[in-house]
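See below for the structure under consideration.
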Amino acid sequence: MWDGTQVRETGWNNRSLQDVLPTWRWLTESKGNALTPSLDWSDAYYGGSSLKVSGTLSSANATHLKLYQTDLKIEPATKLSITYKTQNKPSMKVGLAFADRPDQFVFLDVKDKKASGWTTDILNLTPYKGKRIVALSLHFDSKEIISDYDIHIGQISIRNNSNPVKQLEAVQELNVIQSDFRGGIYGDARLQWKALDEEVQQYEIYRVLPDGKETWVGATTNNVFYVPEMKRINAEQATILKVVAVNAKYERGQAASVTIQWPAYPKPEAGFKADATLITPGQQVHFTDLSSEVTEGWSWTFENGSPAVSTEQNPVVTYDKEGTYNVTLTATNSSGQDTVTKQALITVSKGASGIKNVALGKTATADHACGPAEGAGKAIDGKMTDNSKWCALGNQPHWLQVDLGKEHQISGFVIKHAESGGEWSGFNTSDYSIQVSADGVNWSDVVHVQGNAAAETSDAIALVKARYVKLNVLKPTQGGDTAARIYEFEVHGLQP
């Protein structure tokens, strides 16, 4: 937030730029049930948070909230301002303790008017000229009972206006010293500029959006900045980045800008999956679009399905007649199109009601095990209790192979990852593939997944005959941990 205006929607942090937090957190004094102070990360006047004070307020529980110890001399031009927001009357005073009587507070009234938007009140310090402020506080009191008292403090400022801070000029020699683009829609950049000679609190970086609005990228005290993972917006050809110097009063100077040219906008890459591929007559199939992010339109064809065609992104289709059918998706955007057809993807059969987990209790082997109690067989025992899982340490990729005993018609797989067993979601498998084989020697790829974060995944495939199934864990977790954790690996198919 900047002056109460939102300039960024996502999180960001830089501890070297952190504002001074209250000395006491929280030191409240009250004869009754004191109001509750907290940091509110959902609303701010400047930065990413504000001080929220809430509760039931009355004269019986007037609350003194001590914030800062300090040492500030009040000069003739010293001004104290407070910026706040409340649906109630503020019922608030600013408390000052001076060096000659550090244990006594003088309270200055804040204008008693509602301020649903951010408002700033400037308090008169003239009577205290020459004194030194050693503590700063807030005091809340009301003759009437306010059951839903709620106020946000966005900024408290004590400034000596006799020493104005010069508005900063624009930085010079702003350049993009390195950039990288991925998939035509993601990019990053390293910026560098000549530091200003004047005293600079920080440099702020903004991105100009296609509609002309600006969004805050970040800030630094240095003269270099890394702009991470920008996403291209509406096929824009270029992106403007601005650097603005900020002085000690948090006043922005003039902006310097640099332009980044994007590569040619890419055509889409079509892709999709079905929640079921072996079904009974009259059963619905839910299709999920997996096309690349640049896709703007979808054109589906469902052989013997109802509907037979669709332009929805994720259609639902009913198949009434027994048989094996193809599904086609064409993904389009302003740069072109891409078509993918999955042959014999949907099998409709009255016998589909007999689908079972044909891996349950069969023979399994794996590359490694974390211990005797976490061997390959734990992934196909049908148990989710007592930490029953296959765990593998060592170099990746890890693999788990299941011998089904004889050939089965296989229609899909369900994997229950770490979170399904009660572990941290960061241990869920990120990347994996599944292969099938008739002889355990020659393998065919049937599933490949990247970027999974779910606790449980379901992958339906076109019906295939196989005796052996292999799960390849390519990236075991969401981070750098290399241990695979699979609580259950189900192979869905028909008994021969």
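Calculated accessible area for region 416-496 comes out at 41 Å² per residue, all protein chains present (probe 1.4 Å; ligands, DNA, RNA ignored). Taking 8 Å as the Cα distance limit and 6 or more residues as the minimum spacing, I'd like the relative contact order of the chain as a percentage. Relative contact order comes out at 10 percent. For the chain, the dipole from Cβ point charges (+1 on Lys and Arg, -1 on Asp and Glu) about the Cα centre works out to 1120 debye, to the nearest 20. Bridging of LYS52 to aspartates and glutamates at a Cα separation below 18 Å is possible for ASP3, ASP19, GLU29, ASP40, ASP43, ASP112, ASP121, ASP141, ASP148, ASP150, once same-chain residues fewer than 8 apart are set aside. Please give the net charge around THR10, taking every other residue with its beta carbon less than 14 angstrom from that of THR10, where Lys and Arg add +1 and Asp and Glu add -1. Taking every other residue near THR10 into account, the sum is +1.
Here is the P(r) of the chain: all C-alpha pair distances, binned every 10 Å from 0, give 4, 14, 17, 16, 16, 15, 12, 6, 2, 0 in whole percents. Placing TRP26, TRP262, TRP12, TRP118 in order of accessible area, with the largest value first and a 1.4 Å probe, yields TRP12, TRP26, TRP118, TRP262. On the chain, 45 percent of the accessible area sits on carbon and sulfur atoms, based on a 1.4 Å probe.
Could you please state, rounded to a whole Å, how far the C-alpha centre of region 315-343 is from the C-alpha centre of region 155-175? Rounded to whole Å, the Cα centres lie 59 Å apart.
Would you please put 411-421, 207-217, 147-157 in order of how densely packed they are, using the mean number of other Cβ atoms within 10 angstrom per residue and starting with the highest?
On the way: 411-421: 21.9, 207-217: 14.4, 147-157: 18.0.
Ranking, from highest mean packing down: 411-421, 147-157, 207-217.
VAL449 sits among other residues whose Cβ lies under 9 Å from its own Cβ, and their net charge, with Lys and Arg +1 and Asp and Glu -1, is -2.
Annotation: amide H of LEU278 within the under-5 Å range of THR347, sequence separation 5 or more or interchain, hydrogens built in the peptide plane.
Going 7 Å from the Cα of THR70 in the Cα-to-Cβ direction, what parts of region 158-184 have a backbone nitrogen less than 11 Å from that spot? 158-160, by backbone N distance to the label point.
Legend: distances between Cα atoms for LYS31/LYS89; LYS66/LYS89; LYS85/LYS129; LYS79/LYS111; pairs beyond 19 Å are LYS31/LYS89; LYS66/LYS89; LYS85/LYS129. In nm, to one decimal, how far is the modelled label at GLN261 from the one at ASP103, with both set 7 Å along Cα→Cβ? Result for the modelled spin labels: 7.3 nm.
The values are calculated or read from the model by the stated rules, or taken from the named source; none is laboratory data. Because the structure is predicted, anything quoted here is derived from the model rather than measured. Cβ sites come from the backbone with ideal geometry, for glycine too, and all protein chains shown count toward neighbours. All accessible areas refer to the heavy atoms of the entire protein, side chains included, with ligands and DNA or RNA removed. Shrake-Rupley method; radii C 1.70, N 1.55, O 1.52, S 1.80 Å.
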